[in-house]
Amino acid sequence: MSDQTEKIPIALVVNGRRHLATVEPRRSLVDFLRHDLGLVGTHVGCEHGVCGACTVMLNGRTVRSCLLFAAQADGEEVLTIEGLGTDEALHPLQQAFQRHHALQCGFCTPGMILAALELLRDNPDPTDEEIRAGLGGNLCMCTGYVNIVRAVRAAARGEKVK
Ligand code: FES
Ligand code: FES
């Protein structure tokens, strides 16, 4: 009988940097990012694919990293919030969230911003309804969403999102 906890080697690129690791087959991608790589900007909320706090990009599309195994990212490219901007040079969406008071506790914000990034790449000039629909899979317990929509609209209209 095979050993279910036997670790397997993976190689992936996270925020432009290549990582080689060995993981248990059941290690979730979010736990791998947070605990193995120390990238704690990706948050864990429901762990059931409902809240969107764990949203990252896999090969340029958003995914819920609580629902993926790290092994499924083998050979792929992951972008987390840490890969988006720096303290000195925030990404335009991060600037817009800050400027428009679109976060309170900030727990949802990393996933919200990555969802917004995907939305604006697909639709650079969304209506407020389209912004709400695009972020509908990301839950926020603090803000009432008004300033989040305002921030995404401002980022879409004011600055180039890349
Ligand atoms: S923690 Fe992954 S969707 Fe909630
Ligand atoms: S800012 Fe607190 S959950 Fe959204």
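The values are calculated or read from the model by the stated rules, or taken from the named source; none is laboratory data. Remember, predicted model here, so these are calculated numbers, not experimental data. Backbone-built Cβ (ideal geometry, glycine too); neighbour counts: all protein chains shown.
For the range 112-124, indicate whether the set of residues that are touching a strand residue (DSSP E or B) at 6+ places or on another chain (Cβ under 8 Å), of a type in the set (Val, Ile, Thr) and more than 23 Å from residue 9 (Cα to Cα) is non-empty.
no
Which of the residues spanning the range 38-51 are within 16 Å of residue 78 (Cβ to Cβ) and either touching a residue at least 40 places away in the same chain (Cβ under 8 Å) or buried (at least 20 other Cβ atoms within 10 Å of the Cβ) (or both)?
39, 41, 42, 43
Quick check: anything in the range 22-34 part of a helix (DSSP H, G or I), more than 13 Å from ligand 1 (Cβ to nearest atom), among the hydrophobic types (A, V, I, L, M, F, W, C) and at pLDDT 95 or above?
yes
Taking the conditions exactly as written (among the small types (Gly, Ala, Ser) and either within 13 Å of ligand 2 (Cβ to nearest atom) or under 26 Å from residue 28 (Cα atoms) (or both)), does residue 102 satisfy them or not?
Spelling it out, residue 102 is indeed among the small types (Gly, Ala, Ser) and either within 13 Å of ligand 2 (Cβ to nearest atom) or under 26 Å from residue 28 (Cα atoms) (or both).
Going through 50, 40, 44 one at a time, which residue ends up being within 16 Å of ligand 1 (Cβ to nearest atom), more than 13 Å from the chain's Cα centre (by Cα), assigned to a loop (DSSP other than H, G, I, E, B) and on the phi < 0 side of the Ramachandran plot?
Testing whether each residue is within 16 Å of ligand 1 (Cβ to nearest atom), more than 13 Å from the chain's Cα centre (by Cα), assigned to a loop (DSSP other than H, G, I, E, B) and on the phi < 0 side of the Ramachandran plot leaves just 50.
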